[in-house]
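Remarks on the structure that follows.
The values are calculated or read from the model by the stated rules, or taken from the named source; none is laboratory data. Note that this is a predicted model, so its numbers are computed, not measured. FYI the Cβ positions are ideal-geometry reconstructions off the backbone, even for glycines, and counts take in every protein chain you see. Heads up: the accessible areas ignore ligands, DNA and RNA and are worked out on the full protein's heavy atoms, side chains in. Shrake-Rupley method; radii C 1.70, N 1.55, O 1.52, S 1.80 Å.
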Amino acid sequence: MDERESSESPIQGKKSKSKTARKPKETVLKQKSPAEFFAENKNIAGFDNPGKSLYTTVRELVENALDSAESISKLPVVEVTIEEIKKSKFNSMIGLVDRERVDAALYDDYETEKAREKRLAKEARTQEIQAKNATLGKKVKETPASKGIKGRGEASFYRVTCKDNGKGMPHDDIPNMFGRVLSGTKYGLKQTRGKFGLGAKMALIWSKMSTGLPIEISSSMKNQSYITFCRLDIDIHKNIPHVHLHEKRENKEFWHGAEIQVVIEGNWTTYRSKILHYMRQMAVITPYAQFQFKFVSDAPDKNVTVRFARRTDVMPPIPLETKHHPSSVDLLLIKRLITETSKQNLLQFLQHEFVNISKPHAERLIGEMGPDFSSKMAVKSLTSQQVVRIHQLFRQAKFDDPSGHCLSPAGEYNLRLGIIKELNPDMVATYSGSAQVFEGHPFIVEAGVSIGGKDVKQGLNIFRFANRIPLLFEQGADVVTRTALKRINWSNYKINQIQDKIGVFVSIVSTKIPFKGTGKEYIGDDITEIASAVKVRSF
């Protein structure tokens, strides 16, 4: 071996050794829990930012409270309180000692001496100009208050409390009802207020993410001698409740209902008007409910107390759970119904798991499916190909439309009372239509138009409701807004669209609201049946 070869070989050996030492990492499949998915995609459920999260928390708690009272035919009484929590109080709640800044320049809101001098000089020049204008008798613009620099890490915290007089919750069920996402009692086919079926669970997830503090629930059922108190948070990765305290306390007054308290990061300043508009619109669509709203702060001038009185004792009927219409199901749903059905044969399955399929109709459908099908064949023995055949026939065959008996609209009487109670207009006209159908789902449109009233701006003031809850966001793309702005000639009714104070109220109820957008904040105008019904019923 020559000298050149011997000098190169150790290097080559090292290179070879380093290459063989590196092994490709094995791909590990990871599974996310439902709680983890919504925590990472919180905007889907309306928790886009702290302000929107505060609004959505109030909305979820209020709607749960109404559902609870209505389920036992009790006139709802709902009390909502938002308490502002200062940083020092929040720190004491979590056991954190306040600490003075040591390195001021480390912080995002640090202002250099040069920047401070520049800002003060600008403010002095502005004041000088204002004083000169005042001397000359010119109109003086109000000088905006000097805004301090707010750092990114400076958060605002609020304790949200909602108390109702509903049916309450069973003692043993409370941990799973709040601490396990996608577990609940509202997943049948029926008209429901909720958009995702998350309720207060998403508020708990946001609390876990923004403050780390648990939720507190007090609940008692009718004629129950004790009140359940539960303090818990959620293990987001495992989607299970983490219970801190779960006990029974004496119920001397035999109160029934629920009180839920959660501490979250929020922004009252930017979402104050949205929250108050939501409460007012909820009072319009549920005039049989009594609402009390409070905002409590250390600064007395910021405190707000609003009471929305009950106007009527007439409540809408409770929405009924119904069966699926054959034209509204997909392959996955048919397979799930087959798995869950208690019926033995195909004939019984078609008759009892779907609406508007009588025995003679079912027999005709089975005859049309082909020689591989029979009335007495075991429904759970159906092959994937046979299920596809059933689905294809469901899409092509004729079926009677589903009825609207399962729906619970507000009612023309209640809608009219709600508008009068909250807006006190000079004139109001309301109308409630009969049930119609889109894609196998029944829906009812109710509408009202008012002229004049208190706190009503000039022009069109549009109030949208879906399954008796207000829709406050993404109004421009909604079918109601587009109909009111573009498809109605208001001059035909001797109404000035620009100068008159016009209130337009449209409520749509259905077993399936065709929401658009990830946050389900509006109803698109691409469904012909709904778009035409909104125009005809409203105007």
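Tabulated data for the structure shown
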{"read-out": "Calculated from backbone phi, Karplus (6.51, -1.76, 1.60) coupling profile of segment 347-354 in Hz, x at Gly/Pro", "value": "4, 5, 4, 5, 5, 9, 9, 9"}
{"read-out": "Cβ charges +1 (Lys, Arg) and -1 (Asp, Glu), total dipole of segment 326-396, debye", "value": "80 debye"}
{"read-out": "Positive-pole candidate from F47, I82, G95, dipole of segment 33-95, charges at beta carbon", "value": "G95"}
{"read-out": "Where labels lie 7 Å past Cα in the beta-carbon direction, separation of R231 and Q344 in nm", "value": "5.6 nm"}
{"read-out": "Orientation-averaged projected area, Cα convex hull of the chain (nm²)", "value": "45.5 nm²"}
{"read-out": "Radius 11 Å from Cβ of E259, net charge of other residues (Lys, Arg +1; Asp, Glu -1)", "value": "-2"}
{"read-out": "Helix-derived mean residue ellipticity, 222 nm - over the chain, DSSP H n ≥ 4, -39500 (n - 2.57), to 500", "value": "-10500 deg cm²/dmol"}
{"read-out": "Label zone at N489 (point 7 Å along Cα-to-Cβ), backbone N below 14 Å, segment 426-453", "value": "none"}
{"read-out": "Per-bin percent of Cα-Cα distances, segment 326-396 [5 Å]", "value": "3, 18, 32, 33, 13, 0"}
{"read-out": "Number of Lys pairs (Cα under 14 Å; 8 or more positions apart or on different chains) in segment 412-538", "value": "5"}
{"read-out": "Packing rank of 76-84, 120-128, where each peptide gets the mean count of other beta carbons within 10 Å, highest leading", "value": "76-84, 120-128"}
{"read-out": "Burial order of peptide ranges 447-458, 93-104 (average beta-carbon count within 10 Å, highest first)", "value": "447-458, 93-104"}
{"read-out": "Gained length - L393 relative to R307, 0.36 nm times residue gap less alpha-carbon distance", "value": "25.5 nm"}
{"read-out": "Within-14-Å neighbourhood charge of G524 [Cβ basis; K, R +1; D, E -1]", "value": "-2"}
{"read-out": "Inter-label distance for T112 and D173, nm, one decimal - labels placed 7 Å from Cα along Cα-to-Cβ", "value": "6.3 nm"}
{"read-out": "Amide H contacts of K501 (H built 1.01 Å from N, under 5 Å, at least 5 apart or other chain)", "value": "G452, G459"}
{"read-out": "Heavy-atom surface of segment 326-396, accessible at 1.4 Å and reported per residue (Å²)", "value": "57 Å²"}
{"read-out": "12 Å beta-carbon shell around N41, net charge (K/R +1, D/E -1)", "value": "-1"}
{"read-out": "Packing-based ranking, highest mean first, of 303-310, 68-75 given that Cβ atoms within 10 Å are counted", "value": "68-75, 303-310"}
{"read-out": "Computed FRET value (nearest 0.05) for H246 with N91, which takes r as the C-beta separation and R₀ as 35 Å", "value": "0.80"}
{"read-out": "Selected from L382, A531, V262, residue furthest toward positive end of dipole (the chain; charges at beta carbon)", "value": "A531"}
{"read-out": "Contour excess over end-to-end distance, with Cα ends at N223 and M209 and 0.36 nm allotted per residue", "value": "1.3 nm"}
{"read-out": "Size of electric dipole in the chain: Cβ of Lys, Arg +1 and of Asp, Glu -1, about Cα centre, debye, nearest 20", "value": "740 debye"}
{"read-out": "Fully extended contour minus Cα-Cα distance, from S375 to E321, at 0.36 nm per residue", "value": "16.7 nm"}
{"read-out": "Out-of-range pairs (alpha-carbon distance over 18 Å; input K323/K359; K190/K323; K167/K208; K42/K294; K87/K114; K32/K238)", "value": "K167/K208; K42/K294; K87/K114"}
